[in-house]
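In what follows, a single structure is set out as structure tokens and then discussed.
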């Protein structure tokens, strides 16, 4: 979807149409963060994940709008229903993005490009919103294609042109290459896919670890990942950035209780329990740590979440430290098969799989 949250707000509120708006936290006080900016705001350099204060400096006319996630979720459900008219192989990435495998399309249209056009048309007519689509033979190339001609774009990259396309692509445009990695690549003289292609797989692994193999394959247009319509939920959590730094443990515990309630409600919604509870702490200097505790059985009750989070907090000696953010996450969902139930079981996997 194109500038999804902002586009929904402009659709639903005439006063926002044609205006530079940012959905996210207000710049007042310590200031929030931009979740999505309208295209009118992007002309000034306003981007998602940018501090709201910085966004206002770039665009003094910027209007800030509080998110309405219930509205966005409802639109997302409608979009998913449109997808389902053409294929059952749908892998959601977020509320506004998904992979579709239309190899076997339900309406026997026979053309991925035509299906993309029909989906875009349905979204425009039924939701008064625009979407951009990328069409190719694998997930990685389709993802890049979808970003090339936004808003309201449709880009096809066929099998015969994939390698030449990847060779010309700047490294920062590679999906999954962040700013830090892109900067490292440029310092090594790697500016495009063609530059990456000059290095062997082992050389890329030496410089970038396991990701080196991914870069080696992807620059050649190789991506064998299947579209996963029932992708497993790995974790579920919530966090909050406070308008002022917390220095009293009592205040921190009050905020943890609020966050734990949000996490508990989300667990109930999806009928999930987890074996690992992780506490996230970000200090006023932006240093961030995580602490976790794992259980031999899945938990999801409010009391356990709150008590565990408070115990993990106490273990960090938080008194008089300045904390700007706290978060709680549950992971390792599902049941454990007890050792001994299977005679040939090689041993139980470690429950402590989070890095601090």
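The values are calculated or read from the model by the stated rules, or taken from the named source; none is laboratory data. This structure is a prediction, so every number in the text was calculated from the model and none was measured. Using ideal geometry, Cβ is built from the backbone for each residue, glycine included, and neighbour counts are taken over all protein chains shown.
So the values come out like this:
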{"read-out": "Sole residue being surrounded by 10 or more Cβ atoms within 10 Å (Cβ to Cβ), part of a loop (DSSP other than H, G, I, E, B), modelled with pLDDT of 90 or more and under 30 Å from the mean Cα position of the chain (by Cα), chosen from 329, 316, 308", "value": "316"}
{"read-out": "Residues (on the phi > 0 side of the Ramachandran plot and in contact (Cβ under 8 Å) with a residue 12 or more places away in the chain) located in region 166-197", "value": "176"}
{"read-out": "Pairs, first free of Cβ contacts under 8 Å to residues at least 60 places away in the same chain in region 245-264, second part of a strand (DSSP E or B), C-beta under 6 Å, six or more apart", "value": "262/238"}
{"read-out": "Test for residue 64: is it free of Cβ contacts under 8 Å to residues at least 60 places away in the same chain, in contact with a strand residue (DSSP E or B) (Cβ under 7 Å, 6 or more places away or on another chain), surrounded by fewer than 19 Cβ atoms within 10 Å (Cβ to Cβ) and closer than 22 Å to residue 9 by Cβ", "value": "yes"}
{"read-out": "Index of the failed condition, residue 100 passing every other in (1) closer than 29 Å to residue 23 by Cβ; (2) touching a strand residue (DSSP E or B) at 6+ places or on another chain (Cβ under 7 Å); (3) surrounded by fewer than 17 Cβ atoms within 10 Å (Cβ to Cβ)", "value": "(3)"}
{"read-out": "Lone unmet requirement of (1) over 25 Å from the mean Cα position of the chain (by Cα); (2) closer than 30 Å to residue 41 by Cα; (3) surrounded by 13 or more Cβ atoms within 10 Å (Cβ to Cβ) for residue 241", "value": "(1)"}
{"read-out": "Members of region 183-199 found to be assigned to a helix (DSSP H, G or I) and more than 21 Å from residue 163 (Cβ to Cβ), listed by number", "value": "183, 184, 186, 187"}
{"read-out": "Any hit, region 99-106, residues being at pLDDT 95 or above and not in a loop (DSSP other than H, G, I, E, B)", "value": "yes"}
{"read-out": "From the options 17, 77, 42, residue that is surrounded by fewer than 16 Cβ atoms within 10 Å (Cβ to Cβ) and under 30 Å from residue 112 (Cβ atoms)", "value": "77"}
{"read-out": "Residues (over 11 Å from residue 333 (Cα atoms) and in contact (Cβ under 8 Å) with a residue 60 or more places away in the chain) located in region 270-299", "value": "278, 289, 290, 291, 292"}
{"read-out": "Given (1) in contact with a strand residue (DSSP E or B) (Cβ under 8 Å, 6 or more places away or on another chain); (2) in contact (Cβ under 8 Å) with a residue 40 or more places away in the chain, number of the condition residue 47 does not satisfy", "value": "(2)"}
{"read-out": "Filter result (in contact with a helix residue (DSSP H, G or I) (Cβ under 7 Å, 6 or more places away or on another chain), outside any strand (DSSP E or B) and at pLDDT below 95) within region 19-45", "value": "25, 26, 27, 31, 32"}
{"read-out": "Of all residues in region 148-168 being in contact with a helix residue (DSSP H, G or I) (Cβ under 8 Å, 6 or more places away or on another chain) and part of a loop (DSSP other than H, G, I, E, B), the one that is nearest to residue 215 (Cα to Cα)", "value": "157"}
{"read-out": "Residues of region 148-165 satisfying the condition of being free of Cβ contacts under 8 Å to residues at least 24 places away in the same chain, within 24 Å of the chain's Cα centre (by Cα) and exposed (fewer than 15 other Cβ atoms within 10 Å of the Cβ)", "value": "149"}
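Matching residues to (1) within 21 Å of residue 236 (Cα to Cα); (2) at pLDDT 95 or above; (3) outside any loop (DSSP other than H, G, I, E, B):
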{"site": "72", "(1), (2), (3)": "yes, no, yes"}
{"site": "77", "(1), (2), (3)": "yes, no, yes"}
{"site": "82", "(1), (2), (3)": "no, yes, yes"}
{"site": "120", "(1), (2), (3)": "no, yes, yes"}
{"site": "123", "(1), (2), (3)": "no, yes, yes"}
{"site": "130", "(1), (2), (3)": "no, yes, no"}
